[in-house]
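Each remark here refers to the structure printed beneath this line.
The values are calculated or read from the model by the stated rules, or taken from the named source; none is laboratory data. No experiment lies behind these values; they were computed from the predicted model shown. All Cβ positions, even for glycine, are placed from backbone atoms using ideal geometry, and neighbour counts span all protein chains on display. The area values use the complete protein model at the heavy-atom level, side chains included, leaving out ligands, DNA and RNA. Shrake-Rupley method; radii C 1.70, N 1.55, O 1.52, S 1.80 Å.
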Amino acid sequence: MSPPAANDSDAPGAASAVVPVLLPLPLGGAYSYVWSEERLGTAPEPGRLVRVPLGQRSLVGAVWEAEVDPVPPGRLRAVEAVVPLPPLPPALRRLVDWVAAYVMAPPGAVLRMVLASPGALEPEPLRQGVRLAEGGTGSGALRPTAARGRVLTVAADGLARTPVDLAREAGVSPSVVAGLIEAGALERVAWSEGRDHPAFTNLPSGPTLSRDQEAVAHALCDSVGAGFGVSLIDGVTGSGKTEVYFEAIAEALRRGRQCLVLLPEIALSAQWLERFEARFGEAPAQWHSDLGPKQRRRTWRAVAEGRVRVLVGARSALFLPFPDLGLIVVDEEHDGAFKQEEGTVYQARDMAVVRGQLEAVPVVLASATPSIETLVNCRLHRYRRLHLPERHGGATLPRVELVDLRRDPPPPLAPREPGWLSPPLREAVRATLDAGEQALLFLNRRGFAPLTLCRTCGHRFQCPNCTAWLVEHRLAGRLQCHHCGLAMPLPKTCPGCGDTDSLVPCGPGVERLAAEAAALFPDARRILLSSDSLRGPLAAAALLEQVRTREVDLLIGTQVVAKGHHFPWLTLVGVVDADLGLEGGDLRAAERTFQLLSQVAGRAGREDRPGRVLLQTRSPDHPVLLALAEGDREGFIEAEIDARRRGFLPPFARLAAIIVSAESAEAADGLAAALSRCAPRARELVVLGPAPAPLAILRGRHRRRFLVKAPRSWPLQRTLSDWLSQVAVRGSARVSVDIDPYSFL
Ligand code: ADP
Ligand code: ZN
């Protein structure tokens, strides 16, 4: 393909070639450009990052292995410059093409995730600093004063500092430093600020492992350097999974290779970072959405130049340009956060396995509640399952009890103010607090109440852009849509009937639970933990530290507390609504509820104090809750795998969702009907829909869904692209494809 407009191209002489360049844009493929050998040297190898013109713009793309256009070179535009960075490694280029084909996105859209830090492609800006001039401390023509002496004393170490920093450190005014520069006692230098990344050359040894841990660590270390293979570390919370994969990381470091660790929500992993530092003596590099542009830029370059040895990151770290990857770890592999739902839709855990295969390196998945997909892969011997059956140090698993809310309903707090904590849970919290231990009340719902209605006229507050109720966030004094982000102040009067004081919050969110906890346990030091209160890793770390140091007695939180945190004094977990999440037609509802509740339960009693978990439910006979109460994980897995097999559901079948959206219901219906008319027909395929999506209106767009089921071996992407290419999508309508969907909204 060639970009339009070619009138300003270099006149191609004898010493020029045509090179395909993939741009980080959702275009059809690579574009051809002329490479002038005279100006740029010999034609570049694939992966080289180059600056090229496109329309009025100039952007950085990557030289790609692709067909060059049959267009005469005279009509092509020219590569402007080469970016002085190592070329994108071959395995990463193959990953880009592989992911693009799999998720049915243009390769340029995937390349955009690779080149996600545009600043990294520019030369690093140099900082201006000063240091002691060559030739000693003589201040020449200047009279020695106390202030000048202090500056020279500080500068005596020969290090460069900015003039401002130097003046501050010496406790003098900047003019003193300026005078010394003028007199030639200090000289100006430019340096790049990038901090050096630790080389991990002297690895401290880890803790003495238990026999089980030792066996697993051994198996993992043996796999490092032995090519591609996937291992699952399957072990209860606290069994030492992290400790064990640290050994594999140490092995990869000993071999001089780079390591990538993917975590679901890196923002909340301050504890993970501390543990890593405690084990290895140095911090790993990090990659997540909270990084500022400067840090992203530097980390990206350091990865590309092979200076980063270990990087821990959220799912987007999968696309970093490691030149010498030796190991990939995906911790909490079952976590839904590995599925990116916006933009280019992909499953980072699955794509990590693909990258491992392309790089020919081992992939380690870890979880206390592995996904059904991964467990089935273990049964089919595609993955190896390594088991850690016991908690480290003999800590026992918590006792799980069900509280039947129909028998033990929560008493109201006051007339018209319902309560949400049943008598058994109240008593358990009281007893825990009396024993000087910590309790967690868990409810996976942000805000104060999920629905607000008017007692007088029945008006319900709905999002004007989405098929969703507005959630009251009392602390912020707002109603909020959790789908499009719309927020409005909480009104005093009902917009339906104008009545005042008639609005009632319905149902609980964590904020409401916190209010109940305040009323019931006024003396307990309480803390509310949700994504609304944990803004950024630093805030999160500070709050979690308070929990660990026992400055807090009672935690009230959403799923942000469920993951990975280790609280030695937490002995009681109360799940306020264990049924939440079991409703709805999501094929993973049971699996996810089981995982989440097991993870939460795993927070209790991690050291020598035994833990206790109370699950409040209205359906105590539900198989998920029974399995939790009986600690029968294997039974649950068996039943769930069987249900998937019988229902012809993943991983026994492949699924794809087609989502049609448009600005009007008519346009969405029209497009859906057109697609329906040419839907693929084959005995092996099931095409469901079109049906209004559960979120029939989202951000003002009307949505219809198809669901396609196919056997595992079916060439699903080809079927879908043949199908979708038959229908023209006009105006603002859109058709998007979600391969292996996790969200059915
Ligand atoms: P998991 O990742 O399975 O939840 P961790 O690796 O976090 O388990 O281990 C739980 C706790 O036990 C951590 O505090 C960890 O440092 C400690 N631990 C695990 N194994 C050992 C060991 N062999 N020696 C000392 N401490 C250990
Ligand atoms: Zn909305």
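Counting Lys and Arg as +1 and Asp and Glu as -1, what is the net charge of the other residues whose Cβ lies under 12 Å from the Cβ of LEU253?
+1
What dipole magnitude, in Debye to the nearest 20, does the chain give about its Cα centre under +1 on Lys/Arg Cβ and -1 on Asp/Glu Cβ?
1000 debye
Along each principal axis of its Cα atoms, how long is segment 264-338 end to end? Whole angstroms, biggest number first, please.
Each principal axis gives a Cα extent; for segment 264-338 these are 30, 28, 27 Å.
Quick one: pull the percent of accessible area on the chain belonging to carbon and sulfur, 1.4 Å probe, ligands and nucleic acids left out.
52 percent
For segment 303-345, restrict the atom set to alpha-carbon positions and state the Rg and Dmax in Å.
For segment 303-345, the Cα radius of gyration and maximum Cα-Cα distance read 11.9, 32 Å.
Using a Förster radius of 25 Å, what is the FRET efficiency between HIS387 and ALA639 based on their Cβ-Cβ separation? Nearest 0.05, please.
So, using R0 = 25 Å, E works out to roughly 0.80.
Which three lengths, in whole Å and largest first, does segment 304-385 cover when its Cα atoms are put on their principal axes?
Reported extents, whole Å, longest axis first: 39, 29, 21.
Normalised by the residues of segment 435-521, what does the relative contact order come to in percent, with Cα pairs under 8 Å and at least six apart?
Computed over segment 435-521, the figure is 35 percent.
So what is the relative contact order for the chain, in percent, with contacts set as C-alpha pairs under 8 Å and at least six apart?
Working: 1481 pairs, mean separation 76.7, N = 745.
Value for the chain: 10 percent.
Mind jotting down the distance between the C-alpha centroids of segment 256-331 and segment 447-492, whole Å?
Each part reduced to its Cα centre gives a spacing of 39 Å.
Using packing as a proxy for protection, rank 482-494, 373-385 so that the peptide with the highest average count of other Cβ atoms within 10 Å comes first.
Sorting 482-494, 373-385 by mean packing, highest first, produces 373-385, 482-494.
Once amide H atoms are built 1.01 Å from N in the peptide plane, which residues 5 or more positions from HIS482, or in another chain, come under 5 Å H to H?
Answer set, sorted by chain and number: VAL471.
At R0 = 30 Å, how high is the FRET efficiency between GLU65 and SER732 if r is their beta carbon distance? Nearest 0.05 is fine.
Efficiency, rounded to the nearest 0.05: 0.25.
Compute the normalised compactness of segment 264-410: alpha-carbon radius of gyration over 2.2 N^0.38 Å, N being the residue count. Working shown, then result.
Numbers: Rg = 18.6 Å, N = 147, 2.2 N^0.38 = 14.7 Å.
In units of the 2.2 N^0.38 Å rule of thumb, it is 1.27.
Put +1 on the Cβ of each Lys and Arg and -1 on the Cβ of each Asp and Glu in the chain; which of SER736, ALA653, VAL561 then has its Cα farthest toward the positive end of the dipole?
So the residue we want is SER736.
Under a 5 Å amide H to amide H cut-off, with H placed in plane at 1.01 Å, what residues pair with LEU503 once short-range neighbours are removed?
Distant-sequence amide H within range of LEU503: ARG455.
Counting only other residues whose beta carbon sits under 11 Å from that of ALA449, what net charge do I get with K and R as +1, D and E as -1?
+2
Considering every pair of different Cα atoms, what Kirkwood radius, in Å, is found for segment 39-183?
Kirkwood radius, segment 39-183: 19.9 Å.
According to a simple spin-label model (label point 7 Å from Cα along Cα-to-Cβ), what is the distance in nm between ALA539 and HIS218?
In this crude label model, HIS218 to ALA539 measures out at 4.8 nm.
Taking the Cβ of LEU92 as the center, what net charge do the other residues with Cβ under 12 Å away carry, scoring Lys and Arg +1 and Asp and Glu -1?
0
Based on the Cα coordinates of segment 69-112, what is the per residue volume of their convex hull in Å³?
Taking the convex hull of the Cα positions in segment 69-112, it is 119 Å³ per residue.
Whole number in Å², please: accessible area per residue of the chain, 1.4 Å probe, ligands, DNA and RNA not counted. Walk me through the intermediate numbers first.
On the way: 32300 Å² over 745 residues.
Ligands and nucleic acids excluded, the figure is 43 Å² per residue.
Using alpha carbon coordinates only, what is the Rg to Rh ratio of segment 636-727, with Rh defined as the Kirkwood radius?
Numbers: Rg = 15.0 Å, Rh = 14.3 Å.
Expressed as Rg/Rh, it is 1.05.
May I ask you to give the average projected area over all directions of the convex hull of the Cα atoms of the chain, in nm² rounded to one decimal?
If you wrap the Cα atoms of the chain in a convex hull and average its projections, you get 41.3 nm².
Over what distance in Å are the Cα centres of segment 40-99 and segment 591-633 separated?
53 Å
Evaluated at 10 °C with a viscosity of 1.306 mPa s, what Stokes-Einstein diffusion coefficient in µm²/s does segment 355-402 have when Rh comes from the Kirkwood expression over alpha-carbon pairs?
After rounding, the answer is 118 µm²/s.
Note down the magnitude of the dipole of segment 445-511 about its Cα centre, charges +1 on Lys and Arg C-beta and -1 on Asp and Glu C-beta and zero elsewhere, to the nearest 20 debye.
Magnitude of the dipole: close to 120 debye.
Using every Cα-Cα pair within segment 221-283, state what percent have a distance larger than 17 Å. List each step's numbers first, then the result.
Working: 890 of 1953 pairs.
Summing the P(r) tail past 17 Å for segment 221-283 gives 46 percent.
So what is the 222 nm mean residue ellipticity for the chain from helices alone, if each DSSP H run of at least 4 adds -39500 (n - 2.57) and you divide by all residues, rounding to the nearest 500 deg cm²/dmol? Let's see the in-between values first.
Values: 20 runs with 216 residues, N = 745.
When only DSSP H runs of four or more count, the value is -8500 deg cm²/dmol.
Given 0.36 nm per residue, what is the gain on full extension from ALA691 to THR145 after removing their alpha carbon distance, in nm?
Full extension of this stretch gives 188.2 nm more.
What share of all Cα pairs of segment 395-524, in percent, falls into each consecutive 5 Å distance bin?
Going out from 0 Å in 5 Å bins, segment 395-524 shows 2, 9, 16, 19, 17, 13, 10, 7, 4, 2, 0, 0 percent.
Let's test this: bin the Cα-Cα distances of segment 169-251 at 10 Å from zero up to the farthest pair and state each bin's percent.
Values per bin, smallest distances first: 13, 28, 17, 9, 10, 16, 7.
In square nanometres and to one decimal, what's the mean projected area of the convex hull around the Cα atoms of segment 435-490? Spell out each step's value before the answer.
Numbers: hull surface 22.8 nm².
With every direction weighted equally, the projected area is 5.7 nm².
Please compute the Kirkwood hydrodynamic radius of segment 463-585 from all pairs of different C-alpha atoms, in Å with one decimal.
16.8 Å
On full extension of the chain, what length is gained from GLU45 through SER713, given 0.36 nm per residue of separation minus the C-alpha to C-alpha distance?
Numbers: separation 668, 0.36 × 668 = 240.48 nm, distance 3.57 nm.
Between GLU45 and SER713, full extension yields an extra 236.9 nm.
Can you give the extra length, in nm with one decimal, that the chain gains between GLU38 and ARG548 once fully stretched, where that is 0.36 nm per residue apart less the Cα-Cα distance?
Answer, rounded to one decimal: 177.2 nm.
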